[in-house]
Amino acid sequence: MNKATKRQTSKRKSTGALEDTRSAKHPRLTIDSFFSPKVTVQLDSGLDGVAGGVKEKALDVVLSDEQMRVMRMVVEEGKNVFFTGSAGTGKSLLLKAIIAALKKKHAKMSNVVSVTASTGMAASNIGGMTLHSWGAIAPTVDNIDKLIRSIRTARPALLRWKTTQILVIDEVSMVDGHLFEKIAAIATQLRKKTDRPFGGIQLCSLLSLATSSSFPP
Ligand SMILES: Nc1ncnc2c1ncn2[C@@H]1O[C@H](COP(=O)(O)OP(=O)(O)OP(=O)(O)O)[C@@H](O)[C@H]1O
């Protein structure tokens, strides 16, 4: 074999190896892979909201049938879901699994999935932001037109309002009714292509019973 042929063969070999590495890194996704009951959820150290400097550990868990049912309703069926349950029933873990599945499903479209919570502590626990920051909703402004004018000047928030398809809200019990009304009104005005409630944004909310009794809306 002459030198040129050898070079070509080795080139072909290395391209094949590269393709193998690529497919290992980005395996072909099937719809079933979104609903594989085995999920890896990043768990924090147990210190709520304390993420900086804390080494995270991954744990493979198998979701229960009930957890899977809720996950399918959100991720596969696109339903508005509000779930609750008593302490220690796996709500937080399920929410993290749902967020992971949604992000995987919409990996190619940033801003489609928005992860929020009513408080900064709860938001940092799930890698999100507060609902007020997400929407650039000034808590002191009640007038919707005024709010929309200020949102239009906050381009990242405006983009989130226009492109979000699924809005995850943790600790929704601490979001009062007025804020929900504001969100619905703003979304309707900023997302004119649809007349569906919340401008067609799908909602997935977790309510902890402990917080619902502590902080009535
Ligand atoms: N399907 C599962 N398999 C294994 N462990 C699970 C599963 N679901 C939840 N857990 C574990 O059970 C414990 C309680 O779950 P989690 O914190 O999600 O419950 P919770 O309903 O959010 O509780 P709380 O209302 O008190 O915040 C956690 O240690 C979690 O890792």
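The values are calculated or read from the model by the stated rules, or taken from the named source; none is laboratory data. Note that the coordinates shown come from a computational prediction; the quantities given were computed from them, not determined experimentally. Reconstructed Cβ throughout: ideal geometry from the backbone, glycine too, with neighbour counts over all protein chains shown.
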> What tally of residues in region 76-93 results from selecting those that are more than 10 Å from the ligand (Cβ to nearest atom) and either touching a Gly at 6+ places or on another chain (Cβ under 7 Å) or small (Gly, Ala, Ser) (or both)?
Replying inline: 1
> Among the residues of region 128-185, which ones are in a loop (DSSP other than H, G, I, E, B) and within 20 Å of Ile99 (Cα to Cα)?
Replying inline: Gly128, Thr164, Gln165, Glu171, Val175
> Looking only at region 76-119, which residues are of a type in the set (S, T, N, Q) and over 25 Å from Ala136 (Cα atoms)?
Replying inline: Thr84, Ser86, Thr89, Ser92
> If you check Ala123 against the conditions, is it free of Cβ contacts under 8 Å to residues at least 40 places away in the same chain, in a helix (DSSP H, G or I) and under 19 Å from Ser205 (Cα atoms)?
Replying inline: no
>> Please go through region 143-162 and give me each residue that is among the charged types (D, E, K, R) and free of Cβ contacts under 8 Å to residues at least 24 places away in the same chain, ordered by number.
In response: Asp145, Lys146, Arg149, Arg152, Arg155
> Which of the following residues is at pLDDT below 90 and within 13 Å of the ligand (Cβ to nearest atom): Val50, Val39?
Replying inline: Val39
